[in-house]
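Colleague: Mind having a look at this structure? Questions to follow.
The values are calculated or read from the model by the stated rules, or taken from the named source; none is laboratory data. Just so you know, these numbers come straight off a predicted model, no measurement behind them. Don't worry about glycine lacking a Cβ; one is built from the backbone with ideal geometry, like all the others, and counts go over all protein chains shown.
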Amino acid sequence: MALDAFDRALIAATQGGLPLVARPYEAVGAMLGVPGEQVRERLARMIDEGLVRRIGAVPNHYRLGYTANGMSVWDVDDTQVAALGRQVAALPGVSHCYRRPRHLPHWPYNLFAMLHGPNRAHVEQQAEQIAGLLGDACRAHDILYSTAILKKTGLRLKED
């Protein structure tokens, strides 16, 4: 997909994140000299065209008071993992959930669900809820706790 000058300017203006203001698209539009509606429409087209996958918030869980962040990993029966994974993903304490291939014999887990809480006991309580939901379809699980904050970034354009 070829980017035109407006696309490049829009990506450059938003690649560090949307402005933290009440009307972020209008703020970006003001930087680019266009109405906020044009910014919204073009970003929507970029998503439709597959140029941008999504626009989402990336909260700093530590600053929000969630200092226990654990990736819960689950060994779930392959015939049930898709349906059960959708149910796990819908739980309020799960920020993201996905299926990945196993790497036997060392890594039996095929379902991953990120949990956040103010302490490990809270995260473990959330994991117990998931275990109850998965029932007999789950053979094993573990929680891998974060030990560092990793910098997450989105699309970046190479500077000319």
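Colleague: Taking the criterion of being on the phi > 0 side of the Ramachandran plot, within 23 Å of the chain's Cα centre (by Cα) and surrounded by 11 or more Cβ atoms within 10 Å (Cβ to Cβ), would at least one residue in the stretch 8-25 satisfy it?
Modeller: yes
Rundown of residues vs (1) surrounded by fewer than 12 Cβ atoms within 10 Å (Cβ to Cβ); (2) modelled with pLDDT of 95 or more; (3) more than 12 Å from Ser72 (Cα to Cα); (4) β-branched (Val, Ile, Thr), yes/no style:
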{"residue": "Arg86", "(1), (2), (3), (4)": "yes, yes, yes, no"}
{"residue": "Pro92", "(1), (2), (3), (4)": "yes, no, yes, no"}
{"residue": "Cys97", "(1), (2), (3), (4)": "no, yes, no, no"}
{"residue": "Ala113", "(1), (2), (3), (4)": "no, yes, no, no"}
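Colleague: Another one. Report yes if Ala127 is of a type in the set (Gly, Ala, Ser), modelled with pLDDT of 95 or more and either surrounded by 13 or more Cβ atoms within 10 Å (Cβ to Cβ) or within 20 Å of Ala9 (Cα to Cα) (or both), otherwise no.
Modeller: yes
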